[in-house]
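S.K.: Provided herewith is a single structure, encoded as structure tokens, for subsequent inquiry.
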Amino acid sequence: MAKITTLDEFIIQRQKDFPYATGELSGLLRDIGLASKIISREVNKAGLADISGAANSNQNASGEEVQKLDVLADNLLISCLQNSGECCGIASEENHTFVPIHGSPNAKYVVLFDPLDGSSNIDAGISIGTIFAIYRRVSDDGVCTLEDFLQDGVEQIAAGYVLYGSSTMLVYTAGNGVNGFTLDPSIGEFCLSHADMQIPKQSDIYSVNQGAYRKFNAATQAYIDDCMDRSYTFRYVGSMVADVHRTLIKGGIFMYPATTKAPKGKLRLLYECNPLAMIVEQAGGKATDGKQRILELEATELHQRTPIYMGSSDMVTQLEEVVYQMSPAKELV
Ligand code: AHG
Ligand code: MN
Ligand code: MN
């Protein structure tokens with residue numbers, strides 16, 4: 001039987017990633033891993049909630065309140081992140097402002113997350129995910145502050161996602177490459193299944209909500225036209241985690257551009273774009289807003305949005321070139 005390496009064993013083996021805090025990082029990832037195992041269980045039976053719950057009420061057969069899965073996932077992550085005592089606060093899509101973790105006010109880390117990404121796809125049985133980013137706090141001991149969360153993407157010490165799909169996978173980076181772990185439900189462990197993930201430099205897949213084509217800027221339209229002229233394959237799930245995971249495995253470019261209706265795009269910088277940009281870069285890819293590296297964008301608000309183009313380095317470089325060539329204020333070199 002092939003050797004099984006669990007997530008815990010892997011982190012401890014990789015002391016060089018985190019020499020000063022192996023125990024702390026494994027504690028945080030263990031908390032996230034535990035929450036995602038429970039979320040996976042709840043997601044897998046989501047369709048049954050209506051059967052077990054009374055018709056048109058938010059209560060199930062045993063009279064428990066049936067929470068929206070987003071809120072349930074959010075609450076699970078918050079309560080699990082209290083276990084290791086390594087997290088002093090969280091910020092997430094489901095909370096207007098940050099949430100201090102009172103049990104560990106002097107902990108060194110904060111965690112930002114999208115508890116359930118692509119949740120509009122649950123009813124259709126399509127893959128969804130959880131996205132997380134881990135930072136060291138910048139404030140002194142005591143209750144965390146907003147500044148702990150408004151850090152640029154380059155300051156992330158670890159980032160990753162969980163994909164609730166045909167299998168449940170946890171993919172993370174601590175700044176030394178990307179590794180994927182598949183949940184083996186029979187032993188309840190995430191086991192190393194995708195070591196040192198590398199994204200192909202070039203591919204023939206492009207991923208964007210083609211239905212919004214007419215609302216994109218001219219450069220984005222020109223790039224998409226070129227993909228179509230080259231008869232590239234078009235793939236779009238509508239769950240960022242699923243689209244980015246496919247891009248990581250098969251290569252390609254994932255785009256959520258600005259539109260006339262949403263001039264800053266739809267996706268959130270702090271808990272969707274930055275963590276996935278760190279993963280893609282660590283796997284040898286690129287992530288940009290068309291002009292700037294995503295990880296260098298200034299964080300000014302918890303829920304700020306940004307356009308994003310990410311994936312195979314050659315394809316993203318080509319997109320940036322089209323944007324540059326078509327930008328009105330092209331700086332003369
Ligand atoms: P969330 O469910 O966390 O709000 O995220 C949904 C996002 C992202 O997962 C996906 O890429 C995007 O919404 C799809 O948006 P469109 O339906 O506008 O294409
Ligand atoms: Mn999301
Ligand atoms: Mn979400």
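For (1) assigned to a strand (DSSP E or B); (2) open to solvent by 70 Å² or more (accessible area, probe 1.4 Å); (3) of a type in the set (A, V, I, L, M); (4) in the same structural domain as Glu147 (by TED's automatic domain parsing), each residue gets a yes or a no:
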position: Arg246; (1), (2), (3), (4): no, no, no, no
position: Asn274; (1), (2), (3), (4): no, no, no, no
position: Met278; (1), (2), (3), (4): no, no, yes, no
position: Glu298; (1), (2), (3), (4): no, yes, no, no
position: His303; (1), (2), (3), (4): no, no, no, no
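S.K.: Kindly indicate the residue of segment 168-209 that is touching a helix residue (DSSP H, G or I) at 6+ places or on another chain (Cβ under 8 Å) and charged (D, E, K, R) and also surrounded by the most Cβ atoms within 10 Å (Cβ to Cβ) among those meeting that condition.
M.R.: Among those that are touching a helix residue (DSSP H, G or I) at 6+ places or on another chain (Cβ under 8 Å) and charged (D, E, K, R), it is Glu189.
S.K.: Something else about it: Among what's in segment 224-239 and is of a type in the set (Ser, Thr, Tyr) and within 25 Å of the chain's Cα centre (by Cα), pick the residue that is surrounded by the most Cβ atoms within 10 Å (Cβ to Cβ).
M.R.: It comes out as Ser239.
S.K.: Could you tell me which numbered condition Cys144 fails, if it satisfies all but one of (1) part of a loop (DSSP other than H, G, I, E, B); (2) open to solvent by 10 Å² or more (accessible area, probe 1.4 Å); (3) in contact (Cβ under 8 Å) with a residue 12 or more places away in the chain?
M.R.: With respect to (1) part of a loop (DSSP other than H, G, I, E, B); (2) open to solvent by 10 Å² or more (accessible area, probe 1.4 Å); (3) in contact (Cβ under 8 Å) with a residue 12 or more places away in the chain, Cys144 is out only on (2).
S.K.: List the strands (runs of 3 or more DSSP E) that sit entirely inside segment 151-237 and contain at least 3 residues that are under 30 Å from Pro328 (Cα atoms).
M.R.: Where strands (runs of 3 or more DSSP E) fall fully within segment 151-237 and carry at least 3 residues being under 30 Å from Pro328 (Cα atoms), they are 205-207.
Matching residues to (1) open to solvent by less than 10 Å² (accessible area, probe 1.4 Å); (2) within 16 Å of ligand 2 (Cβ to nearest atom); (3) at pLDDT 95 or above:
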{"position": "Gly85", "(1), (2), (3)": "no, no, no"}
{"position": "Phe98", "(1), (2), (3)": "no, no, yes"}
{"position": "Ile122", "(1), (2), (3)": "no, yes, no"}
{"position": "Ile126", "(1), (2), (3)": "no, yes, no"}
{"position": "Gly129", "(1), (2), (3)": "yes, yes, yes"}
{"position": "Gly160", "(1), (2), (3)": "yes, yes, yes"}
{"position": "Ser166", "(1), (2), (3)": "no, no, no"}
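S.K.: Please determine whether any residue of segment 262-271 is in contact with a Ser or Thr (Cβ under 9 Å, 6 or more places away or on another chain), open to solvent by less than 40 Å² (accessible area, probe 1.4 Å), assigned to a helix (DSSP H, G or I) and within 25 Å of Leu163 (Cβ to Cβ).
M.R.: yes
S.K.: Could you please let me know if Ala242 is buried (at least 24 other Cβ atoms within 10 Å of the Cβ) and under 26 Å from Asp123 (Cα atoms)?
M.R.: Taking the combined requirement at face value, the residue satisfies it.
S.K.: While we're on this one: For Ala124, only one of the following conditions fails: (1) in contact with a Pro (Cβ under 8 Å, 6 or more places away or on another chain); (2) over 22 Å from Gly27 (Cα atoms). What is its number?
M.R.: Status for Ala124: all satisfied but (1).
S.K.: Considering (1) out of contact with any strand residue (DSSP E or B) (no Cβ under 8 Å at 6 or more places or on another chain); (2) at pLDDT 95 or above, say which one Gly188 fails and leave the rest.
M.R.: Condition not satisfied by Gly188: (2).
The values are calculated or read from the model by the stated rules, or taken from the named source; none is laboratory data. Computed from a predicted model, the values in this text were never measured in an experiment. Counting neighbours? That spans all protein chains shown, and the Cβs are built from the backbone with ideal geometry, glycine included. Areas reflect the complete protein model, heavy atoms only, side chains present, ligands, DNA and RNA absent. Shrake-Rupley method; radii C 1.70, N 1.55, O 1.52, S 1.80 Å.
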